[in-house]
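Following: one structure in structure tokens, then a few remarks.
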Amino acid sequence: MKSISVIGGLVIDIILRVNELPKPGQSIFSQEVINDFGGKGMNASIAASKLGASVKFCGYVGNDDNGRLLIDVLRKHGIDTANIHIGKHNTGIAYIVSSSDSENFIIGTPIIDVAFNDMNEQVLEAVKSSEIILITAELSHDFIEKTVHLCCENNKKVIIDTGPMQIINPKIFRGAFCISPNKSELEAIVGYRLDSDKDIIDASIHLLNFEIQNIVVKLGERGCILVNNEKSVIVDSYKVNAIDSTAAGDSFIAGLCCALCEGNNMIEAVSFANKCGALTVTQLGSSSSTPSRKDIQLFTQSNSKKIYFCK
């Protein structure tokens, strides 16, 4: 299998399990508190490694105990950590409130203060050493834009998970092989509300004008929509007993990258990614909830999907 370089965030996750998400001004008790390891980049890199990929991580941690712990966790999963920059800012922390109906919200300490110039050597090495580059939008827009440009200069296939949700000028993704937002993230990128699948497809078609080859919109339990210059496809989800949606999107994007590394086409890759996301929501946790290759194989034996061609 080709190698994947993941460029993204590393954080300590503190997960609070509750019956219902609190309303504004409401104080509630949690049923359980779980410490885990996260950041979209870290979740995706561990997920890809568990699926059998050769993974290299490029990211940032502080010179503190949490940073050293996160690097150690990556190494235990067989992930190359040579391109992790240890700097002056503290290692990030994310507080995740997860309800019994599998909904959640996340409050994290940002890492957007880390400049591209602080890590240009590590980023260049990450880009040159792998065939597929996965970027998560936890970094500054300038960082993302310069990294995408570097990937294009080196003829590398760059895939971008556009989470967490934020207002982003799509020009920073110009030349990307694929971007993968969820519906809320897509609304933030295009700047208007999307009320139907047709709206989502039309918005995705608009983004093709920025020389993005594929847009894959994650729709949670409904599956996802793939849009490129050849087709618009709705790929149905797999029905599971959802417990916790944390890291589902990260697992999805890791599965997409792994499937592409193995030579699958986009529809095959998206279907595999749907399996990864579906299995992730059946477990509680962040990186610990993502499935192994064996989990996927067992799941595949008893589940099928539907694909709807819209164009």
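The values are calculated or read from the model by the stated rules, or taken from the named source; none is laboratory data. Note that the coordinates shown come from a computational prediction; the quantities given were computed from them, not determined experimentally. As a convention, Cβ positions derive from the backbone with ideal geometry for all residues, glycine included, and neighbour counts pool all protein chains shown.
If I ask for residues that are surrounded by fewer than 24 Cβ atoms within 10 Å (Cβ to Cβ), touching a residue at least 40 places away in the same chain (Cβ under 8 Å) and within 19 Å of Thr91 (Cβ to Cβ), which ones from segment 13-66 would you list?
Within segment 13-66, Ile14, Ile15, Ile34, Asp36, Phe37, Asn66 meet the criteria.
From the list Ala94, Ala176, exactly one residue is in contact with a strand residue (DSSP E or B) (Cβ under 7 Å, 6 or more places away or on another chain), among the hydrophobic types (A, V, I, L, M, F, W, C) and part of a loop (DSSP other than H, G, I, E, B). Which is it?
After ruling out the rest, the residue left standing is Ala176.
Considering segment 75-113 alone, what residues qualify as being at pLDDT below 80, crowded, with 18+ Cβ neighbours inside 10 Å and under 17 Å from Lys40 (Cα atoms)?
Gly108, Ile111
Hey, which of the helices (runs of 4 or more DSSP H) in segment 220-311, taking only ones fully inside, have at least 1 residues that are modelled with pLDDT of 95 or more and over 20 Å from Gly78 (Cα atoms)?
The qualifying helices (runs of 4 or more DSSP H) are 248-261, 266-280.
Quick check on segment 152-168: of everything there that is under 25 Å from Phe105 (Cβ atoms) and of a type outside the set (A, V, I, L, M, F, W, C), which residue is surrounded by the most Cβ atoms within 10 Å (Cβ to Cβ)?
Here the residue is Asp161.
Take the conditions buried (at least 21 other Cβ atoms within 10 Å of the Cβ) and out of contact with any His (no Cβ under 7 Å at 6 or more places or on another chain) and apply them to Leu284. Does it pass?
no
When residues of segment 125-151 are filtered for being exposed (fewer than 15 other Cβ atoms within 10 Å of the Cβ) and either in contact with a His (Cβ under 8 Å, 6 or more places away or on another chain) or closer than 16 Å to Lys171 by Cα (or both), how many remain?
Summing the residues that are exposed (fewer than 15 other Cβ atoms within 10 Å of the Cβ) and either in contact with a His (Cβ under 8 Å, 6 or more places away or on another chain) or closer than 16 Å to Lys171 by Cα (or both) in segment 125-151 gives 2.
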